[in-house]
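Have a look at the structure below, then the notes.
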């Protein structure tokens, strides 16, 4: 079992993601129930700062679970995706996230500058931490990136770009790298609908590449994660702005068509009214979509909480049903309807009661009684032996036995009638004569 962390709250993780499988079950971290969650876990676990929060032994356990989940969803992984080994001893390259080489200016060109030509000193995030590095971008860099892209294009999982370097929908799909003597490394891309809306609506203005770096050189693309993201926080601040694409007018027309379609869908979903849709501008549509996502997230959180409460109530109900079944069966044993030492028969009636209480109650009531007081008992007295039955004889044996058993059960809550009978028989042998 993974050790408990003091800096996290397991209840928060369970409330956010629900009762699902986690790579870290103890602290409810890194959910693995969906492909998106598995990808996110693989990405976050690839950062040394996240692995450093666990012991080497726990790193091995968590890393193995994440890799297993990734394989189940068909996600290609490398052998060094966090396995508890000492990161300081690895000669692997560092993962660099550098924003940005390209100002989109509200347009969606089919080609963007992935990295500018020349040597650059930037302060991107290296393995999750801000760090100043030097990057030398040459034609050989473009050739290397294309080789890595070819491998990923031929794998079972397509390469993609995201938003703000966070798990979620793709912003565009990369097609090929090429070298330009003036601008540097260019990337031909195919925009997704999410990417088009975000750029033409000016929600995002820059592109940020993600690449592997070692000793001042770009050494390739990440093996399993995004190759870059749309962002609003540029690191390559000295890049000259690139002019808009030649088909800007067509892009504007396409955007208006998409915006109208989105507004129509929002009316169908009753998020906005038809009158609001008719006069809606971009900001209004964005706010409406944001509100819809917030409502959906709230509903999902409420559903997860209700599911958790339902399971708790269900468990309590089962415990109560078992307690009631035990009480009924013990009463049947005390009445002599079920032999107390026939455990197989006791278990049978217990299962029957749990499955159908009403029917089991009728069956038990129909069984013949054989209480102790109705048995023929032979006792020994001063005048010799004689036979006594219920309601006859010098002593009211039956009443005395019942009184003793009742007192014993009252003094020992939870004790079965059978155990109470045997206890009183040992302690009061005068009230329990030898059976005939």
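Readers should treat all values here as calculations from the given coordinates under stated rules, not as data from a laboratory. Because the structure is predicted, anything quoted here is derived from the model rather than measured. Cβ placement follows ideal geometry from the backbone for every residue including glycine, while neighbour counts extend to all protein chains displayed.
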What ranking, highest mean first, results for peptides 296-304, 266-274, 219-227 when packing means the other Cβ atoms within 10 Å averaged over each residue? 219-227, 266-274, 296-304
Efficiency of FRET between residue 406 and residue 324 - r from beta-carbon atoms, R0 25 angstrom, step 0.05: 0.75
Could you please rank 327, 400, placing first whichever residue has the fewest other Cβ atoms within 10 Å of its Cβ? 327, 400
For the residues 354, 186, what sequence is obtained by ranking on other C-beta atoms within 10 Å, fewest first? 354, 186
Counting other C-beta atoms within 10 Å, which of 152, 309 has the fewest, and how do the rest follow? 309, 152
How far apart, in nm, are two points set 7 Å out from the Cα along the Cα-to-Cβ line at residue 219 and at residue 299? 4.8 nm
Work out how much length residue 147 to residue 203 would gain on full extension: take 0.36 nm times their residue separation and subtract the Cα-Cα distance, in nm to one decimal. 16.9 nm
Label point distance in nm, residue 9-residue 315, each placed 7 Å from Cα along Cα→Cβ: 2.0 nm
Residue 73 versus residue 427: modelled label distance in nm, points set 7 Å from Cα along the beta carbon direction: 6.3 nm
Kindly state, to the nearest 0.05, the FRET efficiency for residue 25 paired with residue 331, given R0 = 35 Å and r defined as their beta-carbon distance. 0.25
What's the ranking of 344-350, 403-409 by average number of surrounding C-beta atoms within 10 Å, highest first? 403-409, 344-350
